[in-house]
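Reviewing the structure listed below.
The values are calculated or read from the model by the stated rules, or taken from the named source; none is laboratory data. The model shown is predicted, which means the values in this text are computed figures rather than measured ones. Cβ: placed from backbone, ideal geometry, glycine included. Neighbour counts: every protein chain shown. The accessibility values were calculated without ligands, DNA or RNA, using every heavy atom of the protein model including side chains. Shrake-Rupley method; radii C 1.70, N 1.55, O 1.52, S 1.80 Å.
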Amino acid sequence: MELAIGIIAGLAVGGIGALLVSRFVLASRVASARQEREELLAEAGRSADAIRREARVEAREEAVRLRADLDRELQERRREATETEQQAQLAARQAESRQAAVEQREQSLHGREAAIEKVVEETSQVRERQVAELERISGLTIQEAKTQLLERTEEVIRQEMGRLVRQAEEEAQTEAKRRAQTLVGDAIQRVAASHASEMTVSLVELPSDEMKGWVIGREGRNIRALESLTGVEFIIDDTPQAVVLSSFDGVRREIAKLTLSKLIEDGRIHPARIEEMYYRSKSEIDDVIRQAGEQAVFEANCGKMHDELVKLLGRLHFRTSYGQNVLKHTLEVAHLGGAMAAELGVGRKTVKRAALLHDIGKAVTHEVEGSHAAISTEFARKYGESPQVVHAVQAHHYEVQPETVEAVLLIAADAVSASRPGARGESLEHYIKRLQELEQIAAEKNGVERVYAIQAGREVRVMVKPSELDDDGAALLSHEIARDIEKQLEYPGQIKVTVIRESRATEFAK
């Protein structure tokens, strides 16, 4: 028991001792920390004082520098102001001297003006006396003398101008005729184009007249279905074993013809079968159109074209103009224009592409409003053709004036293809009307006695009165008639105007 009490007492004494030791250690550490803090505070104070001293020194130095800079700038401004003031004073002195010189010059001019007015007045009086004397001697007034002089001068100038025009025309015609014959002849001899005349109707033969009833159907349902689908008029009349298809659209007419041929071959004709055969025929014609367009581009040899342009070219295979197949005409123009361009050394590819596209608007003239030249121009521009090609297409019917050699060559090739014998058909009424208009334009001119339109309107021969027109006046008259024809009429190619005086007209009349 005593041993336990002793142990407990020992432990208590040990704990108290340990507590006292720890408190002493802690007190010594606190004292050390306080001493360290005071030393740090003292060091910070000394550092702050040093920084403040350095800042004051730097601030004083900066202030000194700024004051020196301001002094220099102020001196510079004062110097500039002094120079400006000196220049202004110099300019003022110069202005004063100029003003004095101007005033002196004005005084001199006033004196001269007075002297000139005096001389003018004296000259006017002398002139009036001279004019009065001339009027008395000649017996004519000034206006009458002026009129006579102008009339004589005009006559002399007109004769001289007519002589020069005739000389220049003769020289130009000689050279132009030689070159044109060579160029066009060479182009034509390279092109051997076939020609086929097509109409606006197609004929489908039937195995027998009984087939007409099958085509018409019960209460006309078959023929109504055919006309509704194809847009073509089916004419079933007294023509034996035949049905006539009528439409201005060659593509629709060809689809209708192929559809009816397939139905006749199949033997089953009813609305459902008609619709099936129609779409099958339409697909086949679309293939034909595409192949015709690709073949045309290949034959023209003018490079790759947009697919839509190729399709439009193929549609021209079923289009005619005055009985001339438009696709064949287009290829012919491309070959002619290419040959001419090669001879002249200009853009052969440009001429050929423009030739292929110049009538492409005719493929859709029944669907789009406007002239075929304007429609063709729009398609060429839309599908990325060059500006030279677009301009040539636009100018081929003079909707704009041709500005390039390629455009002029396209016009020439188009005229050659359209006007060659057998290329196009023309009604007698239109032909006679054109000749009458040509003769009427020439007959309205002064001094004209008789007019003859010959060579299908390609030449106009004018007989004039020799008492009213001489050779030079006749040359001028031919140019006036040519200009009037160009302004008032539309015609393919050129029209030759020949003016003949009476001595040669009598020989011609024989």
Open item on the list: V191 - would you say it is open to solvent by less than 40 Å² (accessible area, probe 1.4 Å) and modelled with pLDDT of 80 or more?
Closed with: no
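So that you can scan it fast, the table gives a plain yes or no per residue for (1) farther than 25 Å from G347 by Cα; (2) part of a loop (DSSP other than H, G, I, E, B); (3) touching a Cys at 6+ places or on another chain (Cβ under 6 Å):
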position: Y278; (1), (2), (3): yes, no, no
position: V288; (1), (2), (3): yes, no, no
position: A296; (1), (2), (3): no, no, no
position: E299; (1), (2), (3): no, no, no
position: C302; (1), (2), (3): no, yes, no
TODO: Would you mention how many residues in segment 221-250 are open to solvent by less than 10 Å² (accessible area, probe 1.4 Å) and farther than 13 Å from I274 by Cβ?
DONE: 4
Task: Output for segment 410-437, where each listed residue is acidic (D, E) and modelled with pLDDT under 75 - done: E426, E429
Open item on the list: So for segment 77-97 (the condition being open to solvent by 90 Å² or more (accessible area, probe 1.4 Å), under 30 Å from L476 (Cα atoms) and either touching a Ser or Thr at 6+ places or on another chain (Cβ under 9 Å) or of a type in the set (K, R) (or both)), does at least one residue qualify?
Closed with: no
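Does E113 meet the test of being farther than 30 Å from Q143 by Cβ, without any contact (Cβ under 8 Å) to a residue 12 or more places away in the chain and either surrounded by 10 or more Cβ atoms within 10 Å (Cβ to Cβ) or in contact with a strand residue (DSSP E or B) (Cβ under 8 Å, 6 or more places away or on another chain) (or both)? Lay out the reasoning, then the answer.
Numbers: farther than 30 Å from Q143 by Cβ: yes; without any contact (Cβ under 8 Å) to a residue 12 or more places away in the chain: yes; either surrounded by 10 or more Cβ atoms within 10 Å (Cβ to Cβ) or in contact with a strand residue (DSSP E or B) (Cβ under 8 Å, 6 or more places away or on another chain) (or both): yes.
Against the criterion (farther than 30 Å from Q143 by Cβ, without any contact (Cβ under 8 Å) to a residue 12 or more places away in the chain and either surrounded by 10 or more Cβ atoms within 10 Å (Cβ to Cβ) or in contact with a strand residue (DSSP E or B) (Cβ under 8 Å, 6 or more places away or on another chain) (or both)), E113 qualifies.
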Open item on the list: I'd like to check something: does segment 464-479 contain any residue that is modelled with pLDDT under 85, within 20 Å of S321 (Cα to Cα) and open to solvent by less than 40 Å² (accessible area, probe 1.4 Å)?
Closed with: no
Task: Filtered residues of segment 199-256 (kept if part of a helix (DSSP H, G or I), farther than 17 Å from R268 by Cα and among the small types (G, A, S)) - done: S228, G250
